[in-house]
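Undergrad: Take a look at this one; I'll ask things after.
FYI, it's all coordinate maths here, none of it is from the lab. None of the values given here were measured: they were computed from a predicted structure. As a convention, Cβ positions derive from the backbone with ideal geometry for all residues, glycine included, and neighbour counts pool all protein chains shown.
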Amino acid sequence: MQKTVLTIAGSDPTGGAGIQADLKTMTALGVYGAAVITCITVQNSRGVSRVEPLHPVLVGEQIEAVLADHLVSHVKIGMVGTAAIARVIARKLTDFKGEVVYDPVLTATTGQQLTMASDLEAVRAELLPVTTVLTPNLPELERLTAMTTGGPAEVQSKVSFLFAKSGRLRAVLVKGGHGDSSTMITDTLYCTSARGVTKEHLSHAFLQTMNSHGTGCTLASALAACLAQGCDYSSAFRQAVFFVQMLLRQSLPERIVNNPKGKGGLLHHLACPPAR
Ligand code: PLP
């Protein structure tokens, strides 16, 4: 039976981020993607004008429907929206035995809050216990640990704090896009095992592009897709970062939105050979 990778995330009607980016990524990387929607957003490159969380029961029913019918081996969680939705997701995944990659999306590319500050503590408390792989950027890591991030030593201690608190957590991919350098980005994968915590860095050029909306969603989905295809954490990390870098480069000369100051989404289809 074919394996399914399930994304649980918000909808972005422009197709750049959220559930739409997740499904495109999974398809481009050759895995079957299923999708449970948590929130409908109304947004484009000018901003997010509305966020409508679905009823938590409806989110739970969608998850049940997919899990009942498909061999779901990997779950990717993105925008959750509210504490009540986080609670229902955590409940439905309590007995799930596969990997759960959680991208703790807090704000949109255009800056708007996607999870209410008042709900953050509950989202953290509910979802971290079911997460096996976490993919925060530096501000998200700060907010998840409620500690400010200084140098690399502090990043490592925050990650260790998360490993100590979250029994299922095996890997944390800290995205370096909000770091100090404007020319290079260093992403770091921390893994924990009985032998302790290991870390692996990947440095790559910071690509100035008009198509960077949804890169976080794409990276986390690519990680889930590579894990579903049997990669270990280290090689899934390298392949996922490479995939996003490749898409950023391929999307570089293209415009997808008519707003001269707006960021469009990645052009995932450029990674797929045309079907004939
Ligand atoms: N999920 C949804 C529904 C969004 O609208 C956004 C950003 O606007 C994100 C996730 C996060 O996007 P990114 O991958 O750019 O961090």
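Undergrad: For the stretch 90-222, build the charge dipole from Cβ charges (+1 Lys, Arg; -1 Asp, Glu) around the Cα centre, then report which of A171, T135, F206 sits farthest towards its positive end.
TA: A171
Undergrad: Next question, about the same structure. Would you mind calculating the relative contact order of the stretch 1-89 from Cα pairs under 8 angstrom and at least 6 residues apart, reporting the percent as a whole number?
TA: Details: 165 pairs, mean separation 33.1, N = 89.
The normalised contact order for the stretch 1-89 reaches 37 percent.
Undergrad: Could you work out which residue, out of G18, G167, G216, moves most in a Gaussian network model of the chain, that is, has the largest mean-square fluctuation with Cα springs under 10 Å?
TA: Of G18, G167, G216, the most mobile in the Gaussian network model is G167.
Undergrad: Once you keep just the Cα pairs under 8 angstrom separated by 6 or more residues, what percentage relative contact order results for the chain? Mind dumping the intermediate values first?
TA: Values: 554 pairs, mean separation 51.8, N = 276.
After rounding, I find 19 percent.
Undergrad: Still on this structure, I have one more. Are there trypsin sites (Lys or Arg not before Pro) in the stretch 1-92 that DSSP marks as loop and that have at most 14 other Cβ atoms within 10 Å, and which are they? Don't skip to the answer; put the middle values down first.
TA: Numbers: sites: K3, K24, R46, R50, K76, R87, R91, K92; in loops: R46.
Of the trypsin sites (Lys or Arg not before Pro), the ones in loops of the stretch 1-92 whose Cβ has at most 14 other Cβ atoms within 10 Å are R46.
Undergrad: Then there is this: If I stretch the segment between A146 and F161 completely, what's the gain in nm (0.36 nm per residue apart, minus their alpha carbon distance), one decimal? Can you show the working numbers first?
TA: Numbers: separation 15, 0.36 × 15 = 5.40 nm, distance 1.08 nm.
My answer for the length gained is 4.3 nm.
Undergrad: Same structure again: When we measure straight from the Cα of K76, which aspartates and glutamates land under 18 angstrom away, once same-chain ones fewer than 8 places off are left out?
TA: D12, D22, E61, E64, D95, E99, D103, E126, E140, D232
Undergrad: Let me make sure I get this right: for the stretch 1-100, a, b and c are the square roots of the gyration tensor eigenvalues over alpha carbons, sorted descending. Under 1.5 in a/c it's rounded, otherwise prolate if a/b > b/c, else oblate. Which is it? Write down the numbers at each step before the final one.
TA: On the way: a/c = 2.44, a/b = 1.26, b/c = 1.94.
It comes out oblate by the Cα gyration axes.
Undergrad: Let me ask you something else. Mind listing which trypsin sites (Lys or Arg not before Pro) in the stretch 118-218 are in a DSSP loop and have 10 or fewer other Cβ atoms within 10 Å?
TA: Details: sites: R124, R143, K158, K165, R168, R170, K175, R195, K199; in loops: R168, R170, R195.
Here the trypsin sites (Lys or Arg not before Pro) that fit, given the DSSP loop and packing criteria, are R195.
Undergrad: With a/c under 1.5 counting as rounded, go ahead and sort the chain into rounded, prolate or oblate using the C-alpha gyration tensor (a ≥ b ≥ c being the square roots of the eigenvalues; past the cut-off, prolate if a/b is larger than b/c, else oblate). Walk me through the numbers before you get to the answer.
TA: Values: a/c = 1.21, a/b = 1.06, b/c = 1.15.
Rounded is the answer for the chain, as its axis ratio a/c remains below 1.5.
Undergrad: What nm value, rounded to one decimal, do you get for the distance between K199 and M116 when each label is placed 7 Å out toward the C-beta?
TA: Going by the 7 Å Cα→Cβ label model, 3.6 nm.
Undergrad: In nm, to one decimal, how far is the modelled label at L71 from the one at T186, with both set 7 Å along Cα→Cβ?
TA: Each label point is offset 7 Å from its Cα along the Cβ direction, giving 4.1 nm.
Undergrad: Sticking with this structure for a sec: Mind checking which helices in the chain clear 18 Å along their axis (Cα) and have mean Kyte-Doolittle hydropathy of 1.0 or more, DSSP H runs only?
TA: Length and hydropathy pass: 215-228.
Undergrad: Using 1/(1 + (r/R0)^6) with R0 = 41 angstrom and r between the beta carbons of L58 and T107, what's the FRET efficiency to the nearest 0.05?
TA: Values: r = 24 Å, r/R0 = 0.60.
For L58 and T107, the calculated efficiency is 0.95.
Undergrad: Is the stretch 182-276 best put as rounded, prolate or oblate by its Cα gyration tensor, with a ≥ b ≥ c the root eigenvalues, rounded for a/c under 1.5, and otherwise prolate when a/b is larger than b/c, oblate when not? Don't skip to the answer; put the middle values down first.
TA: Numbers: a/c = 2.83, a/b = 1.63, b/c = 1.74.
Oblate, since a/c reaches 1.5 and b/c is not below a/b.
Undergrad: Separate question: Can you tell which of T188, A125, V36 lies farthest toward the positive end of the dipole of the chain, using +1 and -1 charges on the Cβ of basic and acidic side chains (Lys, Arg; Asp, Glu)?
TA: Positive-end residue among those listed: T188.
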